[in-house]
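Enquirer: I am attaching a structure below and will ask some questions about it afterwards.
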Amino acid sequence: MWKRAGFWPLAVTAVAITVVTELIGALKIPLGRAEIVLFPFVLAILIGTVLGAQRVRRVPVRTQAMAGAIGTLGFLVFLVALGTSTGPQLGALVHSGGALLLQEVGHLFGSVVFSLPIGVALGLGRSAIGATYSIDREPMIAYVGERFGSGSPEYRGALSTYVVGAIFGAVFVAVLTSLLDSFRIFNPLALALGSGVGSSGMMAAATAVLSDAHHAQAAQIASFGLVGNFISGFIGTYAGIYLAMPLARRLFPVWTRLFRRETAAEPAPEPAPAMAAAEAARTEVPGDSADAALTDAPVGDTRMGLGQAAQVLATLAVLMLAADALDTHAFHPRYLLAMVLFTALAWIAVALNRLVRWVPAVAIASLSIALLTAPFSPFQHGILALADGINPIAFATPVLAYVGLSLGRQLGVLKSGGWKLALVALTVITASFVCATLIAQLVL
């Protein structure tokens, strides 16, 4: 990979984007009593998209496809780093009981059942599958990229929901929570539990509104929000992979026939794992046929050679450590050991996925770090000590810079969705929140 054309220009560009966005920091846009917060990783994906789409010095389609492949691997490292905060809470998950786990049904099936038909009716095609099978936070984006390829309609739909949620999700959920609470038909604890859709920003916005309206229950509201978000972030990943995605793919032909939006009732076959990279390389933006003709060689995905994957992970490790240093204004030598562990687990997940194809690398990576940092693990204290002080969210900045650079070839499709994708994304968030709240209301 280090000798492949375009690899180092991409790395330099990702470094520049990371440095600029981390130095800018979070931008807060006041909106009445609320505000929109644009975090560095949101700015990174927006800047990367602009650079990937500009026509002054065009980025070859093959290089953009490589950026998407690197971004998919980067998500694995990010999930491992994020998982260091999940393992210590496994005991809380066990003690929460099956009743609280039922709210995850609302998050997953609420979005699929209510939002998928809207996406199909609006003519989004297979993009509707990726856009509606979950609220598409980081683990789900990584899964879709791994399973369908970074150039697939499913990936574009999932990424659209992610971007809309990252930019507008917290403000939207805050307004929605205030509206639902004003009806006085929901227990505020049910609303707090339902707000844990898997996004810390959305959950924090909702619990802030509820705590302000119900001071006496503020502590409980915060606890229920955290538990709900933990369940969605951990269990929701596996439920989305093994339950929600299969359901969305089964319902897609039904809605396409009903709305007569597709000539074929079945979604196109998902690429075989070894062909995911080739599919990404062949993805063409209207008007870019000249560049597309140059993409006959596969550029690599999470299924790239294990040696190539190791080179990519080593490069990403440097970028992620730099992003964390800029974000936290601190660096300790032990962070190097922590990063070696994170990238090693990501590489092992890719290698094991080659042996056990039916278990996604995303699931292997997130589960492995959760078990290693669980209370019963003899390695918990050592790993947590190494990672203490690292901000995993900063790791998302270079990863999403790569993702943004890969979107130029897909921008035509994203533009064609426009307001439709935004509407579907907000519908997914609403359906997930409301359905989970309804189940929590019955449980409580």
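Each value in this text was obtained by applying a stated rule to the coordinates, not by laboratory testing. As the structure is a computational prediction, the values presented were derived from the model and not from experiment. Every residue, glycine among them, receives a Cβ derived from its backbone with ideal geometry; neighbour counts consider all protein chains shown.
Enquirer: Can you check what the Kirkwood hydrodynamic radius comes to for segment 116-190, Cα pairs only, in Å to one decimal?
Expert: So the Kirkwood estimate lands at 13.6 Å.
Enquirer: Let me ask something else about it. I'd like the FRET efficiency for His381 and Leu27, computed as 1/(1 + (r/R0)^6) with the beta carbon distance as r and R0 of 30 Å, rounded to 0.05.
Expert: For R0 = 30 Å, the calculated efficiency reads 0.20.
Enquirer: For q = 0.18, 0.21, 0.26 Å⁻¹, what log10 I(q)/I(0) does segment 347-413 give under the Debye formula with an equal point scatterer on each alpha carbon and no solvent?
Expert: Normalising to I(0) and taking log10 leaves -0.92, -1.02, -1.06.
Enquirer: Continuing with the same structure: To the nearest 0.05, what FRET efficiency results for Trp358 and Phe168 with a Förster distance of 45 Å applied to their C-beta separation?
Expert: The pair Trp358/Phe168 has a calculated efficiency of 0.80.
Enquirer: Taking every pair of Cα atoms in segment 315-428, average 1/r, invert it to obtain the Kirkwood radius, and report Rg/Rh to two decimals.
Expert: Taking Rg over the Kirkwood Rh, I get 1.07.
Enquirer: What translational D, rounded to a whole number of µm²/s, comes out for segment 330-380 from Stokes-Einstein when the hydrodynamic radius is the Kirkwood one over Cα pairs, at 4 °C and 1.567 mPa s?
Expert: So the translational diffusion coefficient is about 109 µm²/s.
Enquirer: Next question. Can you work out the Karplus-derived ³J(HN,Hα) for every residue in segment 362-373? Use 6.51 cos²θ - 1.76 cosθ + 1.60 with θ = phi - 60°, whole Hz, and x for glycine or proline.
Expert: 4, 5, 5, 5, 5, 6, 5, 6, 5, 6, 5, 10
Enquirer: Once you place label points 7 Å from the Cα toward the Cβ at Asn391 and Arg4, how far apart are they in nm?
Expert: The two pseudo-label positions are separated by 3.1 nm.
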